[in-house]
Amino acid sequence: MNTRGPSSLESESAKRLSKIGETDLLLGIPTYNCAHTIGYVLHQVAKGLATYFPNRKSLILISDGGSQDGTREVAEAIKTGGVKRLFARYKGVSGKGSAVKAILEAASILNVEVAAMFDSDLRSITPEWCKTVLEAASNEADLVTPFYVRHKYDGTITNNLCYPFTRAVYGLRIRQPIGGDFGFSNALVTRLSESLLWVNPYVQRFGVDIFITHTSIAHGFKIKEAFLGSKVHEAKDPGAELTPMFNQVVGSMFTCMKEYEEYWRQVGPSRPVPLVKYSFSFPGPEPVKINSAKLLDEFRKTIIEEMALLKEVLQEDLLESLTKLVQSPQFQIPPDKWARTVYSFACNFRKRIQYEAQTKLLGCLRGLWLGKVYSFLLETENMSDDDANCLIEKEADVFEELKPFFLSHYSKN
């Protein structure tokens, strides 16, 4: 097993995996205080493995961060129909990235043919998710990313930032680059395990998903999307609950940008990713409630309190247009101004070495992003989910059109 940095698997878990021996399929579930949802997720993946892969040697690994709410007790009480399971406490920095690293280390020990991981808070997962993701990973795909039907206000970091940035910079239309429900080939498991970026504080936490996607693209691995129906999970209000997640995801995204510059400078217009889709029934997405007043307050606060930093990062005309929105009754951040804002922050991040300086920059961008989410809410209030998604695609087009702005400014920093 070749991994960068300290192992995330406890020695006892590694010994138990070695005794299990080579395994065909590994299904990993990162967990932390999810006793109310882990039972359902575990039941569904076990059913999927037993139903669709009855002749393959499979293992479910629950990679836990020290849950104190009974997660382990629930996970060990669920019947898995003969599919083996192992509950493993990961070690190191507390965060999703450490949990995922432990899953990848387990995949290496078991020398699996393919691996997959699913989030522990899913309420719409079905056995067909296992079939779709694992079969796609067995059929020439190194990375399988999820493609969901989502409510228009679910996935605000994805929709207004990570998707358009990934599409424009890396040239692939991966709709859910931080979806979290992934499939991996054996070769990709090895490459990810060897990455030097595991020591990065963003990757060790919620930044792990974007790290997986961007690393896979930059190293030329074959990528497919898997249609998984609706994503119903523990959705969060961006204005109230997503501060750490935003900083970690975007910090990881900008860190990968620095790491993989040699790759994305050569990328042309974006192209679609092959979609694997099977027919199965699924519920519709659940509405997501957002406190819009909180978004606007945070945006205004950022403009007022971070003016010195904004003057350093943004061009004068762009800052002027955003500043005018503080008192404007007609609030809208057009896609061209948003794309230039994101690219300007990305360029400024490049020259920031210290974690504290990066954190301050990311916090400022978060305040502006909340304004963008507020603008999106106003514009899509009477739209269907499908129409809102079409708007997201149009805004991603603008990110692509303005990529020359990013390239020219990145060179100057």
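Structural remarks
- Correct choice for Cα extents along the principal axes in Å that was computed from the model, options [x] 63, 42, 41; [y] 95, 64, 43; [z] 56, 44, 42: [x]
- Lys/Arg +1, Asp/Glu -1 at C-beta; the chain dipole; positive extreme among Y32, N55, I109: I109
- Estimated dipole of the chain in Debye, rounded to 20 [Cβ of Lys and Arg +1, of Asp and Glu -1, Cα centre]: 780
- Dividing the helix sum by the residues of the chain, where each DSSP H run of 4 or more adds -39500 (n - 2.57), gives a mean residue ellipticity at 222 nm of -16000 deg cm²/dmol.
- Ordering of 70-77, 49-56 by packing is 70-77, 49-56, highest average first (other Cβ atoms within 10 Å, averaged per residue).
- Close amide H partners of T31, meaning residues 5 or more places away or on another chain with modelled amide H under 5 Å apart, are S63, D64, G65.
- Computed from label points 7 Å out along Cα-Cβ, the spacing between D397 and E76 is 5.6 nm.
- A straight chain from S279 to E234 at 0.36 nm per residue would run longer than the Cα-Cα distance by 13.7 nm.
- Estimated distance in nm for a label pair at H36 and I304, the labels positioned 7 Å out from Cα along Cα-to-Cβ: 3.5
- Using Cβ point charges alone (K and R +1, D and E -1), the dipole size of segment 292-412 about the Cα centre works out to roughly 740 debye.
- Cα long-axis angle, helix 355-380 against the chain (0 to 90 degrees, to the nearest 10): 80
- Charge-dipole axis of the chain as Lys and Arg at +1 and Asp and Glu at -1 on Cβ define it, positive-most pick from S13, W338, Q358: S13
- Distance between the pseudo-spin-label points of Q330 and K360 (7 Å out from Cα toward the beta carbon): 3.7 nm.
- In sequence order, calculated HN-Hα J values of segment 20-32 (Karplus, 6.51, -1.76, 1.60; Hz; x Gly/Pro): 5, x, 4, 10, 6, 10, 10, 10, x, 10, x, 9, 6
- Applying the criteria of a DSSP loop state and at most 15 other Cβ atoms within 10 Å to the trypsin sites (Lys or Arg not before Pro) of segment 299-397 yields K351.
- In this calculation the C-beta distance from A293 to K84 is compared with R0 = 41 Å, giving a FRET efficiency of 0.25.
- Calculated FRET efficiency for the pair E379/E10, C-beta based, R₀ 56 Å, to 0.05: 0.70
- Under a 5 Å amide H cut-off, with hydrogens placed 1.01 Å from N, G171 pairs with nothing among residues at least 5 apart or on other chains.
- In the chain, the longest principal axis of the Cα atoms and the axis of helix 385-401 are about 70 degrees apart.
- For segment 1-159, the residue among G95, G155, G65 whose Cα projects farthest onto the positive side of the dipole built from Cβ charges is G65.
- Nearest-20 debye value, segment 23-180 charge dipole, Cβ charges on Lys, Arg, Asp, Glu: 160
- Stretch gain in nm, segment N186-E320, where the contour uses 0.36 nm per residue and the Cα spacing is subtracted: 43.2 nm
Computed from the coordinates by the stated procedures, all read-outs in this text should not be read as laboratory data. Everything numeric here is computed off the predicted structure, so don't read it as measured data. Cβ atoms come from the backbone with ideal geometry, glycine included; neighbour counts cover every protein chain shown.
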